[in-house]
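I have placed the structure first, in the form of structure tokens, so that the comments after it can refer back to it.
The values are calculated or read from the model by the stated rules, or taken from the named source; none is laboratory data. If you're wondering where the values come from, they're calculated on a predicted model, not measured in any experiment. Every residue, glycine as well, gets a Cβ built from its backbone with ideal geometry; the counts of neighbours run over all protein chains shown. Accessible surface areas use protein heavy atoms only, side chains included; no ligands, DNA or RNA. Shrake-Rupley method; radii C 1.70, N 1.55, O 1.52, S 1.80 Å.
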Amino acid sequence: MKIAVCVKQVPDSWVEKKMDGQVLDRLGVDAVLNDLDEYALEEALRIVEANSPTGAAGPESGHEITLLCMGPERATEALRKGLSMGADSALLISDPALAGSDALSTSLVLAQVIASGGFDLVICGTESTDARMSVIPAMLAERLGWAQLTHVHKLDIDLAGSTAQGARSTEIGVETISAHFPVVISVPDKINVPRYPSFKGIMGSKKKPLVIKALGEIEIEADSVGAPASWSTVREVTPRPPKSKGIKVVDTGDGGNQLVAFLEEQRVI
Ligand SMILES: Cc1cc2nc3c(=O)[nH]c(=O)nc-3n(C[C@H](O)[C@H](O)[C@H](O)COP(=O)(O)OP(=O)(O)OC[C@H]3O[C@@H](n4cnc5c(N)ncnc54)[C@H](O)[C@@H]3O)c2cc1C
């Protein structure tokens, strides 16, 4: 089984984000592996471990996990983290022409490398913590013509039957959905608890293959991606208004009534 895990490098969630003109300043801040993509990788590792003769991921498992990323060259740091968690190899698509790519361009690039990779499963996080559109997995499935099992908080893989079955919570209950390989899956953070890279994993990750390819190497024309080709444009950016002071309720006998009045005013009750 060949599994691709799509991972993105994003600005550290704990640092204050700034805009650089109409786009997020991604270069001036610390960058990390998108938290939510760690759950996608953890799920891939668990699938391989459950189907490995040795119970472990890695070359002896007979299965392969490849990390896929589109981003600047420094995204290799995020990929090394994924490799240290247990992925076998990583591919970064990096090219100056990709700057300003919107979701359509991003999905075009990722779908191109997935289509030629012979993958059975593609596993993504549910969203990136910077742009938060939650659209890439569906766009990948559409571009590839594959089934999609999105937002599944429980996943079962039947390797013999080449099927994936997932459970997805909706407003009215839990849906059970299934699809034959190849399939694009996205997983939320309640699906598992990602492992920390071990010392052995960190040391071993330095020897694992991490390939960087430019657009020409994946046969995508530079003018079909990046800012000029993007369908969406950020027209205006407005900073979030500063937090206003809270209201202090001093209980002099009518504190309860004051709280109820406040909640009514806010339309909470
Ligand atoms: C006009 C415009 C200009 C932009 N310019 C830039 C720019 O210059 N640089 C920039 O970084 N972003 C830029 N963006 C944001 C970029 O388009 C999105 O970050 C990207 O398309 C993915 O969408 P998302 O982050 O909302 O992913 P989501 O759909 O929320 O992500 C879901 C999952 O898809 C996978 N995924 C998402 N993105 C990637 C990726 N790049 N590689 C691998 N897996 C991925 C991950 O598994 C992730 O958990 C721009 C957006 C717009 C609208």
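Tabulated values for the structure
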| item | result |
| --- | --- |
| Tally of residues being within 11 Å of the ligand (Cβ to nearest atom) and of a type outside the set (Gly, Ala, Ser) across segment 124-161 | 14 |
| In segment 148-176, residue surrounded by the most Cβ atoms within 10 Å (Cβ to Cβ) [restricted to those that are touching a residue at least 24 places away in the same chain (Cβ under 8 Å) and within 16 Å of Met1 (Cβ to Cβ)] | Ala164 |
| Residue check for Ala99: at pLDDT below 95, small (Gly, Ala, Ser) and either near the ligand (Cβ under 9 Å from one of its atoms) or buried (at least 19 other Cβ atoms within 10 Å of the Cβ) (or both) | yes |
| Search result, residues across segment 12-27 that are over 21 Å from the mean Cα position of the chain (by Cα) and within 11 Å of the ligand (Cβ to nearest atom) | Asp20, Gly21, Gln22 |
| Subset of segment 57-69 (residues that are modelled with pLDDT of 95 or more and open to solvent by 40 Å² or more (accessible area, probe 1.4 Å)) | Gly62, Glu64 |
| Test result for Val109, open to solvent by less than 20 Å² (accessible area, probe 1.4 Å), near the ligand (Cβ under 10 Å from one of its atoms) and among the β-branched types (Val, Ile, Thr) | yes |
| Qualifying position, being more than 26 Å from Thr106 (Cβ to Cβ) and of a type in the set (Asp, Glu), among Asp156, Asp130, Asp223, Asp189 | Asp156 |
| Condition check for Leu121: under 15 Å from the mean Cα position of the chain (by Cα) and surrounded by 21 or more Cβ atoms within 10 Å (Cβ to Cβ) | yes |
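Yes/no matrix, rows are residues, columns are (1) open to solvent by 70 Å² or more (accessible area, probe 1.4 Å); (2) at pLDDT 95 or above; (3) under 18 Å from the mean Cα position of the chain (by Cα):
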residue	(1), (2), (3)
Cys6	no, yes, yes
Gln9	no, yes, yes
Val29	no, no, no
Leu41	no, yes, yes
Arg46	yes, yes, yes
Ser52	no, yes, no
